[in-house]
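Below is one structure, written out as C-alpha cells; comments come after it.
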Amino acid sequence: MKIYLLILLLVCALSCGVSRDAAKATDQANLQGAWLAQSESQNGKKWNVSYLYVFKGDKLFFTDETGKEVTYSFKLDTTGSLRFIVVQPDETLNISAPVNIAYELNGDLLKIVIAPPGLRPTEISDKNNQELIICKRKGS
C-alpha cells in the first residue's frame, strides 16, 4: 500500500511540474507582441494612460507617454498561485535588483501590478499602494 502512495505522490509531483512549465511556455508565447496600457489605478483612483509594452523573446521594451523607451530583460515565474514577470532593467537605469511584476493574462487583456519599491505584489488589485495597469493587445 505504501509503495502505491509513493508512486501516486511522485506522479502528482511530476505532473504539477509539467503543468507549471507548460503554463510558463504558454504565457511566454502569449505575451509576445505589443500591448497598449489603457488605464492605471492605485487605491481606487483611476486615470487614463498610454504606455506601450512590447515583448520580443526575453526582452521587454517599455515606452512611456513622452516617447522615452526603456529596455528590460525578463523571465516568467509561474511557480506560485500569483504569476510574475521578473524584469531586470538595463545597466543605464542604475538599478541592479530585479523587479517582480504580478500579471494576469486573459486573451487580449493583460493586467499588471507593480508594488511600491522594495515590495512584491500580493494580488491582482490596486490595493495597498499597488499600481494596477490594464493593457489590451495592440490591434485587437
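Bear in mind these aren't lab numbers, they're just calculated from the coordinates by the rules spelled out. All values derive from a computational prediction rather than experimental measurement. Glycine also receives a Cβ, built like all others from the backbone with ideal geometry; neighbour counts cover every protein chain displayed.
Please sort by residue number the trypsin sites (Lys or Arg not before Pro) in the stretch 59-140 whose DSSP state is loop and whose Cβ has at most 11 other Cβ atoms within 10 Å. Loop-located and lightly packed - Lys68. Lys-Lys pairs in the stretch 32-120 that are eight or more residues apart or on separate chains and whose Cα atoms lie under 22 Å of each other come to 10.
Stretching Gln32 away from Val70 to a fully extended chain increases their span by 12.0 nm, per 0.36 nm per residue minus the current alpha-carbon distance. Between the stretch 25-72 and the stretch 95-122, the C-alpha centres lie 11 angstrom from each other.
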